[in-house]
Every structure is written in structure tokens, then in C-alpha cells.
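Taken together, the values in this text are just the output of simple stated rules run on the coordinates, not laboratory data. Please read these numbers as outputs of a predicted model, since none were measured by experiment. Cβ: placed from backbone, ideal geometry, glycine included. Neighbour counts: every protein chain shown.
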């Protein structure tokens, strides 16, 4: 679905560029053929420039996107790992004196300052009730700070933690990657990955865009354009667009790709 949306977005963008340029070129150039040639050339140039700029911007931000995906896969792998606490012990021991407890890691600093690293590795957002449970599980330690590693956090949780004397640091899966994994240069083993949405092939795109259920929509659109000529002067553009819509409607009725679309097996 995202692939289809992206393709139509490109088509719509090019169409807009073409129309804006054509309006002004046609205003100054009397010949229709020359106007179209100039407009097509300028449209291609502008489209190339915008694609080049967008590609450079993507190259700068693609690493961040890759890191986000890796952060998600790290959290997913840890959430199904029964020994995930061992990983956080290994991470903490990189720079601190740490020991493993039942559900968390205890870090001992100088002057008897105690910090708890608490992995909350469920796929439910961290809530106020979870904070109470974490406090209950760690009250015998009397920590000065509790660092909670989790997947996501409910908004009201941030205001709720201000009610307690102990300092809370809440890290979602992305902040955990940025503020723990990277600085400590320790990353969990990725044993499972989120499946990316499969890109649609051209055949699938045709089947989606020109199937029998869409024939009526194309026909109604063409009919609306034709009827509108009763109130405004008919132009070649009305004829071309209406003809294209009627062709789409006809193709949708007899699209060979649409008839061969495979449905998922239910049982």
C-alpha cells in the first residue's frame, strides 16, 4: 500500500509541476506544440533537480533510519530472550561495578550511591502502574536513581514519576539505543527482525489500480466531465481526460491481471 501511495505521489507531483509551467509558457508562447515541448523539458529538469536534492537529504538521514530499525530489532530480540538481564549486566560492567539481581541490575557508585537499571521488556507501553511495581521491587535497595529501559512510554508516566524522591530516567527503545548501546559500545544480538512491508510488483500495482471494483469510479468521473461541458465551453482537455477515464474503466472491466490476483488462504 505504501508503494502505491508513493507512485501516485510522484505522478501527482510531476503533473502539478507540468501544469504550473504550462500555464505560464502557454501565456507567452502562442504555439501549442512548442509550449508542450518547453513545458516537458522544464518539467524534467525541475523533477531531476528535486530528486537530486531529496537524494542528498536522504543520504544524510538514512543512517538515522537504519539505527531506528536496528533499535526496534534489538528490543524485539531482547523481549524474547530469557537471559536479557545478562546482557544489561554485561553492558553496565563496561564502566561500572554492577551485580545482577532477579529482575534488574544494581550499579554501585562511590559514596554508597546506588543506581538500578531495570529492563521492562514488554510490548505494552510503560504505565503508572508499572512504575509502582518497579518501586515495590526495588524498595529494599533504596536507590538514588532508577533507569527503566522499555519499548514505549505512556505520556502520563512522565508526570507521575515526579511524585517520588527517587530520580527516574525512562528510556524507550530508541533512546536506549542512543544513550546506552552506542555510548557503551555494547549491542544485543539480533536474533529476530521485524518483517518489512513487501514492495508491490508492477503486475500487482496494475491489479490494484485497474480492477473491476474501480471501473464504476472511472466511469462516473468521465461522465461528470462530459456533463460539465453542458455548462462550460468544451475544450480538447475535457475530451482527452474523459477519454482516458473511459479507457481506464474499460480496462478495469477486462483487466487480465485483476482476474489472476491470488487471495490468501484462510484455513
Can you tell me the convex hull volume per residue for the range 84-172, based on C-alpha atoms, in Å³ to the nearest whole number? 89 Å³
Quickly rank 160-168, 129-137 as a protection proxy: mean count of other C-beta atoms within 10 Å, highest first. 129-137, 160-168
So, in nm, how far is label residue 167 from label residue 97 when the simple model puts each one 7 Å beyond its Cα toward the Cβ? 2.0 nm
Suppose each label sits 7 Å from its Cα in the direction of the beta carbon; what would the residue 122-residue 64 distance come out to in nanometres? 3.2 nm
Sites residue 20 and residue 90, calculated FRET efficiency, Cβ-Cβ separation with R0 51 Å, nearest 0.05: 0.30
Extension gain residue 129-residue 79, at 0.36 nm per residue separation less the Cα-Cα distance, in nm? 16.0 nm
FRET efficiency for residue 220 and residue 10, Cβ-Cβ distance as r, R0 = 25 Å, nearest 0.05? 0.45
Run the simple label-point estimate for residue 114 and residue 50 please: 7 Å along Cα→C-beta, distance reported in nm. 6.1 nm
Report the full-extension gain for the segment residue 184 to residue 40: residue separation times 0.36 nm, less the Cα-Cα distance, to one decimal in nm. 46.4 nm
